[in-house]
Amino acid sequence: MINRHFCVAEDLEEVMTRWLWDPYIPYGRVTFLHGEESVGKTMLAIRLMAAVTGKAKMDRMGDKPEKGRCLYLTKEERLSEVIKPKLKEAGANLKDILIINDNIPITLADDSLKEIIRKEGISLMVIDPLSSYLEKEEGLVNNPGAVYPIIRKLSDLAEETGCAILVIEKSDGTDCFQSKAWRTGFNSCVSSFLCLEWEDESAFEERWLFHEYSLLSVEGDPIAYELTPGKGLKCV
């Protein structure tokens, strides 16, 4: 005989969602940001890290997020030439941004990120891109189910620590094959899917941020951005 356990809805404790950027990026959850190569995903992440660590909020952000620290996983080799100047231009507090720049993949047995998040008081972790930190990076595109355990691990990590985790990955744009596969395969452990996309082929500087899916709220409105040399990513 099978005994099923149940609870009474009235007895459930309500948990209010804390937002880094309402309704796009919640704390304690995983957010997926994707888009074509060179569309500006890293610049958007840099603006977010600046909003968390610095004095100014990002355009169209509403309330400024609580001041905190960031952990940035990147395979960019030119940290001093590329990443640091962009962080400074965005107004980030460089003392509150920790950077991991190694070739160690994220595995189910790896608890090093949890230790760093807790010890250093990290409120936003950015993985840019996720495929570079997988043992079999081709699985993210060809077989999302094989990557699900790692996404689940990141989701558990976010929930346990209260840290917002932003996962960045290359795709072919809004409603592309990859996006649909990720939303289908990861929707139980990714709370928000964002896509940064060019306005059109003739307007290279103009981009749109689309909120494709939200588990915790109604999807946010699309936001228009402009990426120009020396000015970074600015809301239009």
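The values are calculated or read from the model by the stated rules, or taken from the named source; none is laboratory data. Note that this is a predicted model, so its numbers are computed, not measured. Neighbour counts run over all protein chains shown; Cβ positions are idealised from the backbone, glycine included. Heavy atoms of the whole protein, side chains included, go into the accessibility calculation; ligands, DNA and RNA do not. Shrake-Rupley method; radii C 1.70, N 1.55, O 1.52, S 1.80 Å.
Observations
- Overall, the accessible surface of the range 87-231 at a probe of 1.4 angstrom is composed of carbon and sulfur to the extent of 50 percent.
- Bridges between two residues of the range 57-195, per DSSP, are antiparallel at a rate of about 0%.
- The chain, relative contact order [Cα under 8 Å, separation at least 6], %: 26 percent
- In this structure, the residue pairs whose Cα-Cα separation is over 24 Å, taken from Lys41/Lys67; Lys136/Lys234; Lys57/Lys86; Lys75/Lys170; Lys84/Lys234, are Lys136/Lys234.
- For the chain, the solvent-accessible area with a 1.4 angstrom probe is 54 square angstrom per residue.
- Using the average count of surrounding beta-carbon atoms within 10 Å as a protection proxy, the listed peptides 180-191, 165-176 rank, highest first, as 165-176, 180-191.
- Most to least packed among 119-128, 40-49 [average Cβ atoms within 10 Å]: 40-49, 119-128
- Whether the range 9-136 is rounded, prolate or oblate, judged on the alpha carbon gyration tensor where a/c under 1.5 counts as rounded: oblate
- Dipole check for the range 24-90: with +1 at the C-beta of Lys and Arg, -1 at the C-beta of Asp and Glu, and the Cα centre as origin, the magnitude is about 320 Debye.
- Mean Cβ neighbour count within 10 Å, used as a protection proxy, ranking 207-215, 72-80 highest first: 207-215, 72-80
- Per-residue ellipticity at 222 nm from helix content only, as computed over the chain with -39500 (n - 2.57) for each DSSP H run of at least four residues, stands at -7500 deg cm²/dmol.
- Value of Rg to Rh for the chain (Rh from inverse mean 1/r over Cα pairs, i.e. Kirkwood): 0.97
- Whole-number D in µm² s⁻¹ for the range 37-110, Kirkwood Cα-pair radius fed into Stokes-Einstein, 20 °C, 1.002 mPa s: 162 µm²/s
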